[in-house]
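Undergrad: This is the structure I want to talk about, given as structure tokens.
Each reported figure results from applying straightforward, stated rules to the coordinates on display, with no laboratory input. From a predicted model like this one, the values you see are computed outputs, not experimental measurements. With ideal geometry, Cβ positions are generated from the backbone for all residues, glycine too; neighbour counts draw on all protein chains shown.
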């Protein structure tokens with residue numbers, strides 16, 4: 001027949017095991033969140049490296065040079081268009097280049 005002290009000891013050990021398992025579960029959730037962040041960061045870096053590799057591969061041949069120059073002209077022209085439509089004589093225009101009446 002079990003004694004009261006052994007029953008209390010079993011109860012305390014069961015409660016302790018439950019809280020330890022809960023603590024380990026919380027740690028596992030945080031570890032999975034960190035693993036997700038690490039994987040996401042690594043994938044973003046890999047995507048950036050792929051884009052840089054694509055740009056360097058395209059600009060190494062003759063067609064790539066033409067395409068790169070086209071995009072450079074497009075960027076500069078777009079920047080000039082934006083600058084002339086947003087700014088009016090060095091001051092920012094609220095109306096986008098049109099004068100208010």
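Undergrad: Once both labels are modelled 7 Å past Cα along the beta-carbon direction, what's the residue 69-residue 83 spacing in nm?
TA: That separation, rounded to one decimal, is 2.2 nm.
Undergrad: Now for a separate question. Can you give the FRET efficiency for residue 76 and residue 38, using 1/(1 + (r/R0)^6), R0 = 41 Å, r = Cβ-Cβ distance, to the nearest 0.05?
TA: 0.60
Undergrad: For the stretch 1-58, what's the radius of gyration and Dmax over Cα atoms, in angstrom?
TA: According to the Cα coordinates of the stretch 1-58, Rg and Dmax are 24.9, 83 Å.
Undergrad: Quote to one decimal, in nm, the extra length available between residue 9 and residue 62 on full extension: 0.36 nm per residue of separation minus the C-alpha distance between them.
TA: Answer, rounded to one decimal: 11.0 nm.
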